[in-house]
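Written below as structure tokens is the structure these notes are about.
The values are calculated or read from the model by the stated rules, or taken from the named source; none is laboratory data. The shown structure was predicted, so the numbers you read here are calculated from the model rather than taken from an experiment. Neighbour counts are summed over all protein chains in view; Cβ atoms, including those assigned to glycine, are modelled from backbone coordinates with ideal geometry. In case anyone asks, the SASA skips ligands and DNA or RNA and just uses the protein heavy atoms, side chains included. Shrake-Rupley method; radii C 1.70, N 1.55, O 1.52, S 1.80 Å.
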Amino acid sequence: MTKLAGLSHVSRRFGDVTALDDVTLDIHAGSIVGLLGPNGAGKTTLLSLVQGLRRPTQGTVELFGGSPQNARNRLRLGSTPQATALPETLRVGEVLDFVGAHFENPVPVAEVLEEFGLTELARKQTGALSGGQKRRVSVALAFVGRPELVLLDEPTTGLDVDARRVLWEAIRRQHDAGATIVITSHYLEEIEALAERVVVLGGGRVLEDDTLGNVLARVSLRQVTLDSPQVDRIAGLPHVVGHEPASSGTTFYVQDSDALIVELVRTGIPFANLTVRGATLEEAFLTLTDTADERIEG
Ligand SMILES: Nc1ncnc2c1ncn2[C@@H]1O[C@H](COP(=O)(O)OP(=O)(O)OP(=O)(O)O)[C@@H](O)[C@H]1O
């Protein structure tokens, strides 16, 4: 497997804030890596180090076998700029042309427009685009230079479901054509739709780094909601990984709901109004990262 980028024992601090804490991670050619984590987990900081926009406080970052600060290495990398960074008075086609001119062998503008469903918008000034349209232009820009590695930071935030799916299909086609992709997202369904490997960041640390299937299996929790005067005692039982107040009673996140109920009966803890349902992946993932935060803080 060819290593395209890597972080070795990387920490990055901003004053008192530790955005990344001893992160070691390699990105190999041919994969789509999903980078997940709650707000402030360190995802954007990690991408900015790989892009050479920031330097690590400790540890080393490598891009195509060299330094991310090396301009020749950066030419082999594509990334989404912030939507607000688009020059407002230029037309969509002109922006794609302008960015393409920085690369040796750019994709023809008409082809990029077609691939990302932007043909109709080619003559529109970017300042007149909707938020979702700007996002699509930003993602298209990442692919203009035929990059080997593409970093997509929350590419579909603010898009409706249909627009999101159109972008996912384009990203998948680009991957099939040879691009290696790192994508950050708050949307688990996005990571599920695209990623083969999942890295979960929390509090600046790598909490999980595994195949999509294995990570999903680990975060597949069930929710048991009930009324009880002894919430703390239930929270301390085996299988319970988290709990929070519900509209009626308390919801406990558990790996094995049957085992919890057996345990409730065995210990004689009083309870009423019990319901069980599968946790959504979003809920399961947040519980996983919250639990890890408590572990790190505690
Ligand atoms: N330039 C900066 N100056 C000070 N603190 C920063 C800076 N950039 C990031 N941080 C802090 O570092 C931590 C990680 O931020 P980062 O933006 O990498 O997280 P993230 O996972 O991308 O979050 P989000 O999902 O909200 O975009 C946060 O606590 C953030 O406040």
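Give the aspartates and glutamates reachable from LYS43 as a straight Cα distance under 15 Å; neighbours fewer than 8 places away on the same chain don't count.
ASP21, ASP22, ASP26, ASP153, GLU154, GLU208, ASP209
Could you tell me the ratio Rg/Rh of the chain? Both radii from Cα atoms, Rh via Kirkwood. Show your work: numbers first, answer last.
Numbers: Rg = 22.3 Å, Rh = 21.1 Å.
Here the Rg-to-Rh quotient is 1.06.
Compute, for the stretch 63-181, the length of the dipole vector about the Cα centre, with Cβ point charges of +1 (Lys, Arg) and -1 (Asp, Glu) only. Units Debye, rounded to 20.
Details: 14 positive and 15 negative charges, 37 e Å.
In total the dipole reaches around 180 debye.
Once you have the Cα-Cα distance between THR267 and GLU169, take 0.36 nm times their residue separation minus that, and quote the gain in nm to one decimal. Can you show the working numbers first?
Working: separation 98, 0.36 × 98 = 35.28 nm, distance 5.15 nm.
Length difference between fully extended and current span is 30.1 nm.
The chain: longest stretch without exposed GluC sites (Glu not before Pro) (DSSP loop, at most 11 other Cβ within 10 Å), sites themselves excluded?
Values: sites that count: GLU88, GLU104.
Counting only loop sites that pass the neighbour cut-off, the longest clear stretch is 105-298.
Return the single residue from VAL200, VAL92, VAL240 with maximal mean-square fluctuation; model: Gaussian network over the chain, springs between Cα atoms under 10 Å.
VAL240
I'd like the orientation of helix 131-143 relative to the chain: the angle between its Cα long axis and the longest Cα principal axis, in ° from 0 to 90, rounded to 10.
Approximately 70 degrees, to the nearest 10.
Quote the Stokes-Einstein diffusion coefficient, in whole µm² s⁻¹, for the stretch 1-89, based on the Kirkwood radius over alpha carbon pairs, a temperature of 4 °C and a viscosity of 1.567 mPa s.
Details: Rh = 14.0 Å.
Diffusion coefficient, whole number: 92 µm²/s.
Under 22 Å between alpha carbons, and skipping anything fewer than 8 positions from LYS124 in its own chain: which lysines qualify?
By straight Cα distance, LYS124 reaches LYS134.
Could you do me a favour and compute the accessible area per residue for the stretch 1-96, 1.4 Å probe, result in Å²?
On the way: 4640 Å² over 96 residues.
Counting only protein heavy atoms, the per-residue value for the stretch 1-96 is 48 Å².
Where the only charges are on Cβ atoms (+1 Lys, Arg; -1 Asp, Glu), what is the dipole of the stretch 11-124 about its Cα centre, to the nearest 20 debye?
On the way: 11 positive and 13 negative charges, 74 e Å.
Approximately 360 debye in magnitude.
Could you state the number of Å between the C-alpha centres of the stretch 119-171 and the stretch 3-23?
The two parts, judged by their Cα centres, are 28 Å apart.
Identify which of ASN73, ASN105, ASN273 has the largest mean-square fluctuation in a Gaussian network model of the chain, with springs joining Cα atoms closer than 10 Å.
ASN273
Given the options VAL254, VAL265, VAL99, which has the most mean-square fluctuation in a GNM of the chain, springs set between C-alpha atoms less than 10 angstrom apart?
It is VAL265.
What accessible area per residue comes out for the stretch 104-191, rounded to a whole number of Å², with a 1.4 Å probe?
Values: 3810 Å² over 88 residues.
I get 43 Å² per residue for this part.
Using modelled amide H (1.01 Å from N, peptide plane; none on Pro or chain starts), what sits under 5 Å from the amide H of VAL241, excluding residues fewer than 5 places away?
TYR253, VAL254, GLN255
Rounded to the nearest percent, how much of the accessible area of the chain (1.4 Å probe, protein heavy atoms only) is carbon and sulfur? Before the final figure, lay out the partial values.
Values: 7070 of 14420 Å².
Looking at the chain in its full context, I get 49 percent from C and S.
If the only charges are +1 at each Lys and Arg Cβ and -1 at each Asp and Glu Cβ, what is the size of the charge dipole of the stretch 122-190 around the Cα centre, to the nearest 20 debye? Provide the component values of the computation, followed by the final result.
Numbers: 10 positive and 9 negative charges, 85 e Å.
About 400 debye.
Please report the base-10 log of the normalised intensity I(q)/I(0) for the stretch 194-236, using a Debye sum with one equal scatterer per alpha carbon and no solvent, at each q in 0.16, 0.31 (1/Å).
Log-scaled intensity ratios, in q order: -0.63, -1.07.
Once fully extended, how much extra length lies between LEU75 and MET1, figured as 0.36 nm per residue of separation less the alpha-carbon to alpha-carbon distance?
Net length gain for the segment: 24.5 nm.
Could you compute the net charge surrounding VAL95? Neighbours are other residues with a C-beta less than 14 Å from the C-beta of VAL95; K and R count +1, D and E count -1.
Details: positive: ARG91, ARG123, LYS124, LYS134, ARG135, ARG136; negative: GLU88, GLU94, ASP97.
Here the charged neighbours net out to +3.
For the stretch 107-243, just the Cα set please: Rg and Dmax, both in angstrom.
In order Rg, Dmax, the Cα atoms of the stretch 107-243 give 20.0, 67 Å.
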